[in-house]
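Remarks on the structure that follows.
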Amino acid sequence: MVPASTLAGVDDQPAISADRDWILPANAVRDLALSGNPFWYRLLVDEKDNILATTYEGRYPPDHLRNAIRFRDGTCRYPGCTKKAANCDLDHRQPLPDGPTSGENLWALCRHHHKLKTFGHAEPIRLGNRWVWRIRATQLRE
C-alpha cells in the first residue's frame, strides 16, 4: 500500500506490503513511480476512503473489497495463527443469508480455522469491538 500523499510528495509515509512483512521508504517509492515501469494495483475507495463500509449482493466480494480485507487483516484472524491473509479464505462472520457480504462481516481465516468454524468446533463471539473464540470439545468415539 502506498499512500497517495507519499506519491504526491506531501509527506514521507512508507509503502507497506499487504502481509506487513516489509516496508519501502517514501523516497524509494517515488523513485519507482518515476521509473516508467512500475507495477501498480489501484484500490478504489469511496469519498470517505472507507471501502470496508460497502455491502455487496451475493456470496463473493469483488476484488477491491477482497484486497482491502486481506490488507486490513494481514494474517488469519484466528488467535495465534500467522498464515498470511493473501493465502486465506474470506469467511462471513455471520453466514449468508443472514450476514451481508461486507467488510464488517468478512475476515480472513486460513482453511484450517475456516473449517473449524464451519463445522462448529470453534465459535467466534463478539466482545465489544473485538472477537474471541469458544472452542467446543469433540467427543472421541471408540
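Derivation of every value follows stated rules applied to the coordinates shown; laboratory data play no part. Here the structure is a predicted model, which is why all the values come from computation and not from measurement. Here the Cβ is made from the backbone with ideal geometry for all residues, glycine too, and neighbour counts use every protein chain on show.
By average Cβ neighbour count within 10 Å, what is the ranking of 85-97, 9-21, 69-81 from highest down?
Values: 85-97: 16.2, 9-21: 13.8, 69-81: 17.8.
By packing density, highest mean first, the sequence is 69-81, 85-97, 9-21.
For the peptides 25-36, 103-114, the ranking by mean Cβ contacts within 10 Å, running from highest to lowest, is 103-114, 25-36. For the stretch 56-135, the residue among 114, 102, 79 whose Cα projects farthest onto the positive side of the dipole built from Cβ charges is 79.
What number comes out for the charge environment of residue 122, summing +1 per Lys or Arg and -1 per Asp or Glu over other residues with Cβ under 13 Å away?
Net local charge, residue 122 excluded: +4.
Could you work out the relative contact order of the stretch 56-135, using alpha carbon pairs under 8 angstrom and six or more residues apart, expressed as a whole percent? Spell out each step's value before the answer.
On the way: 110 pairs, mean separation 20.8, N = 80.
Reported as a whole number, the value is 26 percent.
Express the C-alpha Rg of the stretch 56-135 as a ratio against the empirical globular expectation 2.2 N^0.38 Å, rounded to two decimals.
Numbers: Rg = 11.8 Å, N = 80, 2.2 N^0.38 = 11.6 Å.
Normalised Cα radius of gyration, the stretch 56-135: 1.02.
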